[in-house]
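Input: a single structure, listed below in structure tokens.
Just so it is clear, none of the values below were taken in a lab; they were calculated from the coordinates. Owing to the predicted nature of the structure, the values given are computational and were not obtained by experimental measurement. Because the Cβ atoms are built from the backbone with ideal geometry, glycine has one as well, and the counts that use them run over all protein chains shown.
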Amino acid sequence: MNRKEKVTHNLERNNVCVCFAENKKCVVPIVDKLLEKGDIVATSNSISLFKCGIIEHLKCGKYNYLTRHKPKLPFNKLQDIYFDAFKADVFLCDCDAITENGELYNVDCSSNKSAVLSYGPKRVIVVVGWNSIVKDIDEAISIVRRNAVLNKACKTRFYDGADRKGLGLSCQKGRINVIVVEENL
């Protein structure tokens, strides 16, 4: 079994739906098929969502987008969006790493992404690049430690890798959809 087949098999075994996009230009049409007109949609602060054009697409008026990407958004308004994300119809995010065993691995500075992914909306769409697919949890930890952007963003929270478990979700079938872009994001 090659890596793509192994990841697909293990994510599906964990009740996660998987599809592959040939490149980042192919992601918006896939997301559009997973969303319904009028959906309340929340997002994490994800570079991948920007790179794939998803954030811009959510502003098209077809959806009720709980945007956190407004200039000079006061912290109390941002906090309201964090809480509203739990009640959204759909949550879109990235993932720091996905193991070949089908584990979603996130280290989240404010825990908003991990919390909503675990306990939030009935539908979650995770968008990752091929570079986020790793062999195991040890490699996931290594990737996160090397990620300079994350290290700079988490100045107030020290992560030492002591929690070596992936996000072990007991998923309802079809709740989480992973889109793997077959290029690095």
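Distances between placed amide hydrogens fall under 5 Å for residue 43 paired with 92, all partners being 5 or more residues away or on another chain. Quick check for you: which residues of region 11-37 have the amide N under 17 Å from the point 7 Å beyond the Cα of residue 182 toward its beta carbon? In region 11-37, the label zone of residue 182 (backbone N under 17 Å from the point 7 Å along Cα→Cβ) covers 18-31.
Only Cα sites of region 1-129 enter the Debye sum here, all with the same form factor; the resulting log10 I(q)/I(0) across q = 0.22 1/Å is -1.49, listed in q order. In summary, the aspartates and glutamates within cross-link reach of residue 25, defined as a Cα separation below 12 angstrom excluding same-chain residues under 8 places away, comprise 182, 183. Estimated at 0.36 nm per residue, the fully extended path between residue 50 and residue 83 surpasses their Cα-Cα distance by 9.7 nm. In plain terms, the residue of 94, 136 with the fewest other Cβ atoms within 10 Å comes first and the most crowded comes last, giving 136, 94.
Mind scanning 33/62; 6/135; 33/59; 24/72; 51/77 and naming the pairs with a C-alpha gap bigger than 20 Å? With Cα atoms farther than 20 Å apart: 24/72; 51/77.
Spin-label pair residue 33-residue 136: with each label point 7 Å from Cα along the Cα-Cβ axis, the two points sit 3.5 nm from one another. Backbone phi angles across region 84-95, fed through the Karplus curve with coefficients 6.51, -1.76 and 1.60 (θ = phi - 60°), yield HN-Hα couplings of 5, 4, 5, 9, 5, 6, 9, 10, 10, 7, 9, 8 Hz in residue order; Gly and Pro are listed as x.
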